[in-house]
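Read through the structure below, which is laid out as C-alpha cells, and then see the notes.
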Amino acid sequence: QGTKVPRRRQSRHLTGLRRTTASGRGNPLSPPLPRHGRIPYIYTVPPAYAELHCLSNFSFLRGASHPEELVERALALEYSGLALTDECSFAGSVRAHLALTEARETDEPARAFRLIHGTEIQLTEGEGRQAAPGAKLVLLAQTRAGYGNLSQLVTLARRQASKGSYQLSADNLEAHAA
C-alpha cells in the first residue's frame, strides 16, 4: 500500500518541476488522458525505514511507551526494523522480542521485520566526584557475539557505580573494544 499520486502530477511529484509545451498544455511525453476524463493513479511504494534509536519506558523519565507498543506501532507504520536502545540496559529487549515473536505468528510483514538490540551510554570524563558527563553513544549489536560484548559492557558500567546508576569512561570503552 502506497500513496496515490495522479499521473498528471507524477512528474511534479517525483521531480518538483512542471514542464509545459509551447501551448501550455503540459508535458508532451506524458500519456494522453483517457476519454472518460478520470485521471489514472500510480501507486508509489514508501521507502524502507528503520528507527535506530528508540527508548522504552524502561529508560526512566525518558521513554514513555512499553516495548510491546513500540513494536506494534513500528509494524503498523511498516518500518523494516526497530532498534530498542534503553539507557545502559537491555530491559525492554525481552518484551519487544516476545511481542515480535507473537506478531510473526499471524502477520506476514512481521516475519521480515528486524528487531535490533542496543543500548545508549553516556560516557563520563574524570573519576569519582570529579566525573562529568561526556559523549552520549548509541551502541547496536549486529550479531550474537556483539550482543554478548554489549552485555559485558553494560555490566562493567553498572558495576563501577552505585546501585541505579552507571559509569563508563572512554578508556573503559576502548579497553573493552580491544
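The values are calculated or read from the model by the stated rules, or taken from the named source; none is laboratory data. Being a predicted model, the structure only gives us computed values, none of them experimental. Backbone-built Cβ (ideal geometry, glycine too); neighbour counts: all protein chains shown. Accessible surface areas use protein heavy atoms only, side chains included; no ligands, DNA or RNA. Shrake-Rupley method; radii C 1.70, N 1.55, O 1.52, S 1.80 Å.
Structure notes:
- The modelled label-to-label distance between Arg62 and Ala135, using points 7 Å beyond Cα along the C-beta direction, is 1.7 nm.
- Considering only region 36-178, percent of DSSP beta bridges that pair antiparallel, nearest 5: 45
- GluC sites (Glu not before Pro) within region 80-178, DSSP loop, no more than 12 other Cβ atoms inside 10 Å: Glu127
- Rg and Dmax of region 72-178, Cα atoms only, in Å: 16.2, 53
- The 1.4 Å probe gives accessible areas that order Asp107, Asp171, largest first, as Asp171, Asp107.
- Taken about its Cα centre, region 41-131 carries a charge dipole of roughly 60 debye when the Cβ of each Lys and Arg holds +1 and the Cβ of each Asp and Glu holds -1.
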